[in-house]
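Inspection log for the structure reproduced underneath, given as structure tokens.
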Amino acid sequence: MTIGINEFIIASSLLFLIGFMGVLLRRNTLIIYMSLELMLNAVNLALVAFSRFNQAMDGAIFVFFIMTVAAAEVAVGLAIIVMLFRKKQTVSVDELNQLKG
Amino acid sequence: MDILTILLIILFTPLVASLVIILIGKERRKWAPAIALLGSIGILISTTGLFLESQEFSYQYSWEWLSFGENTFYLGFVFDNIGATMLAMVSIVSLCITVFSMGYMSDDPARGRYFAGLSFFMFSMLGIILSSNLIMIFLFWELVGFSSYLLIGHYFDKNEARQASQKAFIVNRIGDFGFLIGIILTYWQFGTTNLEAIAGAVGVDASLISHLIGGLLICGFIGKSAQFPLHVWLPDAMAGPTPVSALIHAATMVAAGIYLLIRIDCLLTLEVLTFIAYLGTFVAVYAGFCAFAQKDIKRILAYSTLSQLGYMAAILGLGYSGIALFHLITHAFFKALLFLGAGAVIHACHHEQSIDKMGGLFKKMPITATSFIIGTLALCGVYGLSGFYSKDAILIAALDSNFQLFLLLILGAFLTAGYMGRLIWTVFLGKANSENADHAHEVSPIMSGPLIVLTLFAVLVGLNHYWPFGLGGIVSLDLDHLHHLEHYKSMHKTVLIWGSAAWIVGLLGSLLFYGRGSKADRLQDKAPKLYAFLESRLWMDELYAFYVNKIQQRLADILSFLDEVLLRGFIIRGGAGLVGVLGVGLRILQVGRLNAYYLWFFVGLILLWLYAAS
């Protein structure tokens, strides 16, 4: 059996759904963060698949940009989470609700 | 010195005196009378200087005041025969009253404020007299109203005085509103407010004047000269110190309304003049009746002033503005004399003002009583005294033009003699009716001096052919016109008989009816209903109270309701409420959990997507 574009789309959709549900349901900031990364990578997978399918390099190039931005984002985001933990002694989003109106 | 300099000195001397009194601070009480006196003497001297300098009484000067767009407004002086005559009268009367005030107010702790106000009033009054255009007249017109307000409210710790000062100010404001609109319309019609230019324009094209402009301009006169229906403030204004009543509310300020009419004579149509004539006659008779039901000596004199202003208005309305000026001048002297006499009586009786509680004062205060009686006789028009000449001229002119008015004015003269007779018989004859009157004694020379001077004027000022410096040109002009009328001789005889009959019957009748030094008012005893009717003064005050409380207040309530409900309730509160409800709804979304916000974000994204897709 050959793996076609459909399988890639299904896999990428599943990954994205897992990431989405992770952000929606989990309480731990780090897990939420990992779920976010999962969604980004699901998008990357879909882009690479489409790039291959269309025999064009545009999608592959876009993936590099996303990876770069994601790396930078992780660097900043993790730093924020560390600082938050130092200040609040927690990383649960349930307790991080100071801006509630 | 040139005329402009002297005019400026005359105008600003009292203002400077007033400012100096205010600025010297603590020493004010000691020096105020002296400074005010210096100011008055300064006015008199510079006025005399002006008369010597200016032989012809024809001087105009104006300078630009405000200029915007194509409109330019000017301030300016006019010094003509009418103004000069007024100036002479005001400077003499105000000097007498200032001297009298030094005695009358000697034990008043607020002398400084009083004399500053008095000087300020003189500044304003001189401003009206010297103004050459309507706008400048209006400026000083308002200043006069303001100083009148200040001085009526001198005893501001008394509720009566406070209310009277506000009443005077507000009632005058109503008249002045019409006056101001009249000035604006005049400017619109003529492109200038300079009185000489207007007179010239009217002379060329008489169709320029209209009932509307004339009718609005005389509103100022009706307010300031206290004519019906805005007369209600003048009797109440007697709450001020008596010299103030003499200067402002008898001799000068209320006469300013007549002076204004003389100035704007050319702007008044025949119908407006006829209206003034009937209005004046009505007031002359109406005020005469009202005076019978008053017990306060000053209020009787106030109604007498109203009645005499009515005479001036009546004759002016008949077209003889010169005779109106003549009566204005004679009236100013004898009415100032009467008020100062009343002031002396009140001072001697320890501020007792009710005539029922006086009596027998002739023996105790011979100088005051004699001068007061001479003033009364002048007011009644007894032959040979000043009032005779002007009233005689008024009656002849009335007989010539309108017989109904003549009869009413004769009735007015009879009433004048009646209530003045009641006043002097009750106050000066008989026996003292109260302890205060019993202890009364003649006032000091500083107060009796001005009385004597004014008595001389009250006797002699009617001889207008002997006025110095050729004053009173317009008066002689109108009198000559009268003398050359057909049937002048027979009319003069008629008036002499009727006029003399009026005062003789009035004075003797009141003596017989009221008796000497009576304790209680006989009219009140014999005909209480008639007395109550006269005392009600046609219920004008009640009518105004009804109007303000019931009608105006209702309208204000409706407007206030609209404001509360529509503006405040509906638009302002309603708008705030709407935003508030929206806020409550939106606040539900703010649950304070990151996951929820994430969900809202997702929902929003889907909605946006749906919107973009549709």
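Place a label point 7 angstrom from the Cα of A:Glu37 along the Cα-to-Cβ direction, then list the residues of segment A:73-101 whose backbone nitrogen is under 15 Å away.
Answer for this model: A:73-82.
For segment B:543-613, take the alpha-carbon Rg, divide it by the Kirkwood Rh, and send me Rg/Rh.
Details: Rg = 24.9 Å, Rh = 16.7 Å.
Ratio of gyration radius to Kirkwood radius: 1.49.
Report, in degrees rounded to the nearest 10, the 0 to 90 angle that the Cα long axis of helix A:29-54 makes with the longest principal axis of chain A.
Roughly 10 degrees, rounded to the nearest 10.
Whole-Hz ³J(HN,Hα) for each residue in segment B:555-571, computed from phi via Karplus 6.51 cos²θ - 1.76 cosθ + 1.60 with θ = phi - 60°, x for glycine and proline: what do you get?
4, 4, 4, 5, 5, 5, 4, 4, 4, 5, 7, 6, 6, 6, x, 7, 6
Can you pull the Kirkwood radius for segment B:464-561, inverse mean 1/r over Cα pairs, to one decimal in Å? Each step should come with its number before you reach the end.
Numbers: mean 1/r = 0.0511 Å⁻¹.
About 19.6 Å for segment B:464-561.
Quick one: 3J(HN,Hα) in Hz for segment B:240-254, Karplus 6.51/-1.76/1.60 with θ = phi - 60°, rounded, Gly and Pro as x.
Per-residue couplings from phi come out as x, x, 4, x, 5, 4, 5, 6, 8, 9, 9, 8, 10, 5, 5 Hz.
Could you give the C-alpha radius of gyration of segment A:5-88 expressed as a fraction of 2.2 N^0.38 Å, taking N as the number of residues it contains? Let's see the in-between values first.
Working: Rg = 15.0 Å, N = 84, 2.2 N^0.38 = 11.8 Å.
Relative to the 2.2 N^0.38 Å estimate, segment A:5-88 comes out at 1.27.
Over segment B:201-292, what per residue volume does the convex hull of the Cα atoms give, in whole Å³? Write out the running numbers ahead of the final one.
Numbers: hull volume 8.2 nm³, N = 92.
Taking only Cα atoms, segment B:201-292 has a hull volume of 89 Å³ per residue.
Once you list every other residue whose beta carbon is under 11 Å from the beta carbon of B:Phe469, what net charge do they have if Lys and Arg are +1 and Asp and Glu are -1?
Value of the local net charge: -2.
So between B:Leu52 and B:Leu496, what do we pick up on full extension, going 0.36 nm a residue minus the alpha carbon distance? Write out the running numbers ahead of the final one.
Details: separation 444, 0.36 × 444 = 159.84 nm, distance 3.74 nm.
Residue separation times 0.36 nm, minus the Cα-Cα distance, leaves 156.1 nm.
Starting from the Cα of B:Lys30, draw a straight line to each of the aspartates and glutamates and keep only those under 20 Å, dropping any in the same chain fewer than 8 residues away.
Filter leaves B:Asp107, B:Asp108.
Between B:Arg568 and B:Trp65, take the C-beta separation as r, use R0 = 41 Å, and let me know the FRET efficiency to the nearest 0.05. Intermediate results must be reported in sequence, preceding the final value.
Working: r = 43 Å, r/R0 = 1.04.
Here the calculated transfer efficiency is 0.45.
Let me check against my output: what whole-number percent is the relative contact order of chain B, with C-alpha pairs under 8 Å and at least 6 apart? Before the final figure, lay out the partial values.
Details: 959 pairs, mean separation 76.7, N = 614.
Averaging sequence separation for qualifying contacts and normalising by length gives 12 percent for chain B.
Can you sort B:Met1, B:Met125, B:Met105 from fewest to most other Cβ atoms within 10 Å of each residue's own Cβ? Could you put the intermediate results ahead of the total?
Details: B:Met1 11, B:Met125 27, B:Met105 22.
Lowest count first: B:Met1, B:Met105, B:Met125.
Taking 7 Å along the Cα-to-C-beta vector as the label spot, tell me the A:Leu78-B:His350 distance in nanometres, rounded to one decimal.
10.6 nm
Give me the net charge for the shell around A:Val48: Cβ to Cβ below 15 angstrom, other residues only, Lys and Arg +1, Asp and Glu -1.
Values: positive: A:Arg52; negative: A:Glu7, A:Asp58.
Neighbour charge sum, excluding A:Val48 itself: -1.
Per residue, what volume in Å³ does the convex hull of the Cα atoms of chain B enclose? Mind showing how you got there, number by number?
Values: hull volume 152.9 nm³, N = 614.
Hull volume over Cα atoms, normalised by residue count, gives 249 Å³.
May I ask for the angle, rounded to the nearest 10°, between helix B:386-401 and the longest principal axis of chain B, with both axes built from Cα atoms and the value confined to 0 to 90°?
The helix B:386-401 is inclined about 70 degrees to chain B.
Simple spin-label model, 7 Å along Cα-to-Cβ: B:Leu512 to B:Glu535 in nm?
Going by the 7 Å Cα→Cβ label model, 2.7 nm.
Stokes-Einstein at 20 °C, 1.002 mPa s, Kirkwood radius from Cα pairs: D for segment B:52-208 in µm² s⁻¹? Working shown, then result.
Values: Rh = 17.9 Å.
Rounded to a whole number, D works out at 120 µm²/s.
Counting alpha carbon pairs within less than 8 Å and at least 6 residues apart, what relative contact order, in whole percent, applies to segment A:5-88?
Working: 62 pairs, mean separation 22.2, N = 84.
It rounds to 26 percent for segment A:5-88.
Which ³J(HN,Hα) values in Hz, rounded to whole numbers, follow from the phi angles of segment A:7-17 under the Karplus curve 6.51 cos²θ - 1.76 cosθ + 1.60, where θ = phi - 60° and Gly and Pro get x?
4, 4, 5, 4, 4, 5, 5, 4, 4, 4, 5
How much net charge surrounds B:Tyr311 when only the other residues with a Cβ under 13 Å from the Cβ of B:Tyr311 are counted, with Lys and Arg +1 and Asp and Glu -1?
Details: positive: B:Lys335, B:Lys391; negative: B:Asp392.
My count for the surroundings of B:Tyr311 gives +1.
Enter the angle in degrees (range 0 to 90, nearest 10) between the Cα long axis of helix B:297-317 and the first principal axis of the Cα atoms of chain B, meaning the one along which they spread out most.
Rounded to the nearest ten degrees, it is 90.
Can you put B:Cys219, B:Cys96 in order, fewest other beta carbons within 10 Å first? Don't skip to the answer; put the middle values down first.
Working: B:Cys219 20, B:Cys96 26.
Lowest to highest Cβ neighbour count: B:Cys219, B:Cys96.
Rounded to the nearest 0.05, what FRET efficiency do B:Leu8 and B:Leu270 have when you use their Cβ-Cβ distance and R0 = 45 Å?
Computed FRET efficiency for B:Leu8 and B:Leu270: 0.70.
Over the protein assembly as shown, with a single point scatterer placed on each C-alpha, what log10 of the ratio I(q)/I(0) does the Debye formula yield at q = 0.09, 0.10 1/Å?
Computed log10 I(q)/I(0) values: -0.79, -0.96.
If the cut-off is a Cα-Cα distance under 19 Å, which lysines reach A:Lys100, setting aside same-chain residues fewer than 8 apart in sequence?
A:Lys87, A:Lys88
With label points built 7 Å along Cα→Cβ from the Cα atoms of B:Ile446 and B:Leu19, find their separation and express it in nm.
Modelled inter-label distance: 2.7 nm.
Binning at 10 Å from 0, report for segment B:280-371 what percent of all alpha-carbon pair distances ends up in each bin.
Over segment B:280-371, the share of Cα pairs per 10 Å bin runs 17, 40, 29, 13, 2 percent.
So who's got an amide H within less than 5 Å of the one on B:Ser131, skipping anything under 5 residues away but keeping other chains? H placed 1.01 Å off N, in plane.
Amide H neighbours of B:Ser131: B:Val78.
With the calculation restricted to Cα positions, what are the radius of gyration and Dmax of segment B:343-455 in angstrom?
16.6, 52
Within 10 Å, at most 15 other Cβ atoms, and a DSSP state outside H, G, I, E, B define an exposed site. Report the longest part of chain B free of exposed chymotrypsin sites (Phe, Trp or Tyr not before Pro). All intermediate terms of the calculation are to be shown ahead of the outcome.
Working: sites that count: B:Phe156, B:Tyr383.
Counting only loop sites that pass the neighbour cut-off, the longest clear stretch is B:384-614.
Convex hull volume of the Cα atoms in segment B:405-530, per residue, in Å³?
Numbers: hull volume 19.7 nm³, N = 126.
Enclosed volume per residue, from the Cα hull, is 157 Å³.
Read-outs throughout are calculated quantities, based only on the coordinates presented, and are distinct from any laboratory measurement. Because the structure is predicted, anything quoted here is derived from the model rather than measured. Every residue, glycine among them, receives a Cβ derived from its backbone with ideal geometry; neighbour counts consider all protein chains shown.
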